[in-house]
Amino acid sequence: MTGAALLRVSFVCTGNICRSPMGEVVFREMADRAGLAGRFAVTSRGTHDYHVGEGADPRTVAALATAGYDGRAHRAARLSDGDIATNDLLVALDRGHERIMRSRGAVPERLTLLTAYDPERPEDPDVFDPYYSDDRAFERVLEQVERSCAALLEALARSR
């Protein structure tokens with residue numbers, strides 16, 4: 001990566017306790033492992049305020065831990081107008097989140113679906129919400145988040 005500008009990236013899902021914390025933790029760790037951590041300010045947010053101040057879902061923390069990540073420090077936060085205005089890239093975990101951010105004024109060039117980077121090119125462009133599912137669903141979601149974050153990091157590293 002060239003240039004010293006800090007790129008602000010935020011992963012966005014519904015309640016900020018399952019999918020978007022995975023994106024935040026995984027992307028941050030991948031950037032750190034690649035020696036690029038100082039180039040990114042990584043956060044995650046929820047489109048709704050259902051869980052503000054709470055930690056990530058215990059199944060999210062467990063799936064992350066099994067894969068070698070630490071999600072224990074996460075605290076859910078709601079997406080603000082300031083987040084929309086100041087983040088360089090808003091990464092929606094599904095099309096509903098993308099629609100909400102567009103309706104709130106997100107610049108289309110600074111908004112993407114995470115699955116746009118999934119090398120497996122899933123037929124469904126939404127990352128499945130595992131909240132009402134079992135532990136295995138969290139593991140499958142994490143696998144998709146890891147694949148997609150690796151490709152996203154590579155794309156951002158090449159473009160800067």
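So ARG95 passes all but one of these: (1) under 14 Å from the mean Cα position of the chain (by Cα); (2) of a type outside the set (S, T, N, Q); (3) surrounded by 14 or more Cβ atoms within 10 Å (Cβ to Cβ). Which condition number does it fail?
Only one criterion in (1) under 14 Å from the mean Cα position of the chain (by Cα); (2) of a type outside the set (S, T, N, Q); (3) surrounded by 14 or more Cβ atoms within 10 Å (Cβ to Cβ) is unmet by ARG95, namely (3).
Among the residues of the stretch 149-160, which ones are in contact (Cβ under 8 Å) with a residue 40 or more places away in the chain and either closer than 17 Å to ALA92 by Cα or crowded, with 18+ Cβ neighbours inside 10 Å (or both)?
Passing the criteria: CYS149, ALA150, LEU152, LEU153, LEU156.
For ALA137, indicate whether it is in contact with a Phe, Trp or Tyr (Cβ under 8 Å, 6 or more places away or on another chain), surrounded by 15 or more Cβ atoms within 10 Å (Cβ to Cβ) and at pLDDT 95 or above. Outline the logic, then answer.
Values: in contact with a Phe, Trp or Tyr (Cβ under 8 Å, 6 or more places away or on another chain): yes; surrounded by 15 or more Cβ atoms within 10 Å (Cβ to Cβ): yes; at pLDDT 95 or above: yes.
Yes.
Testing ALA62 on (1) touching a residue at least 60 places away in the same chain (Cβ under 8 Å); (2) in a helix (DSSP H, G or I); (3) under 16 Å from the mean Cα position of the chain (by Cα), one condition comes back false. Which one is that?
Tallying (1) touching a residue at least 60 places away in the same chain (Cβ under 8 Å); (2) in a helix (DSSP H, G or I); (3) under 16 Å from the mean Cα position of the chain (by Cα), ALA62 fails exactly one: (3).
Residues that are modelled with pLDDT of 95 or more, among the aliphatic types (A, V, I, L, M) and either within 13 Å of LEU90 (Cβ to Cβ) or assigned to a loop (DSSP other than H, G, I, E, B) (or both): does the stretch 24-34 have at least one?
Start the filter on the stretch 24-34 by keeping residues that are modelled with pLDDT of 95 or more, which leaves 24-34.
Still in the list and also among the aliphatic types (A, V, I, L, M): 25-26, 30-31, 34.
From what's left, either within 13 Å of LEU90 (Cβ to Cβ) or assigned to a loop (DSSP other than H, G, I, E, B) (or both): 34.
Checked the stretch 24-34: at least one residue is modelled with pLDDT of 95 or more, among the aliphatic types (A, V, I, L, M) and either within 13 Å of LEU90 (Cβ to Cβ) or assigned to a loop (DSSP other than H, G, I, E, B) (or both).
For the stretch 113-132, name all the residues that are closer than 20 Å to LEU153 by Cβ and surrounded by fewer than 17 Cβ atoms within 10 Å (Cβ to Cβ). Steps first, please.
Here is the first cut: in the stretch 113-132, the residues closer than 20 Å to LEU153 by Cβ are 113-122, 125, 127.
Selection gives ALA116, PRO119, GLU120, ARG121, PRO122, PRO125.
When residues of the stretch 31-81 are filtered for being exposed (fewer than 13 other Cβ atoms within 10 Å of the Cβ), of a type in the set (A, V, I, L, M) and within 13 Å of LEU142 (Cβ to Cβ), how many remain?
Here the count works out to 1.
Between ALA56, ALA37, ALA76, ALA85, which is free of Cβ contacts under 8 Å to residues at least 60 places away in the same chain, aliphatic (A, V, I, L, M) and either out of contact with any helix residue (DSSP H, G or I) (no Cβ under 7 Å at 6 or more places or on another chain) or on the phi > 0 side of the Ramachandran plot (or both)? Write out each step before concluding.
Details: ALA56 fails: either out of contact with any helix residue (DSSP H, G or I) (no Cβ under 7 Å at 6 or more places or on another chain) or on the phi > 0 side of the Ramachandran plot (or both); ALA37 fails: either out of contact with any helix residue (DSSP H, G or I) (no Cβ under 7 Å at 6 or more places or on another chain) or on the phi > 0 side of the Ramachandran plot (or both); ALA76 fails: free of Cβ contacts under 8 Å to residues at least 60 places away in the same chain.
Just a single option satisfies the conditions, and that option is ALA85.
Quick one: in the stretch 6-17, which of the residues that are touching a Lys or Arg at 6+ places or on another chain (Cβ under 8 Å) and either more than 17 Å from GLU154 (Cα to Cα) or at pLDDT 95 or above (or both) is surrounded by the fewest Cβ atoms within 10 Å (Cβ to Cβ)? Spell out the reasoning first.
Looking only at the stretch 6-17, we keep the residues that are touching a Lys or Arg at 6+ places or on another chain (Cβ under 8 Å), and these are 6-7, 10-13, 16.
The next check asks that each one be either more than 17 Å from GLU154 (Cα to Cα) or at pLDDT 95 or above (or both); those that pass are 7, 10-13, 16.
Numbers: LEU7: 18, SER10: 24, PHE11: 30, VAL12: 30, CYS13: 29, ASN16: 29.
Among those that are touching a Lys or Arg at 6+ places or on another chain (Cβ under 8 Å) and either more than 17 Å from GLU154 (Cα to Cα) or at pLDDT 95 or above (or both), it is LEU7.
Which numbered condition in (1) buried (at least 22 other Cβ atoms within 10 Å of the Cβ); (2) of a type in the set (S, T, N, Q); (3) over 25 Å from ALA56 (Cα atoms) is the only one that ASN87 fails?
It fails just one condition, (3).
The values are calculated or read from the model by the stated rules, or taken from the named source; none is laboratory data. Note that the structure is a prediction, hence the values are computed from the model and not measured. Glycine also receives a Cβ, built like all others from the backbone with ideal geometry; neighbour counts cover every protein chain displayed.
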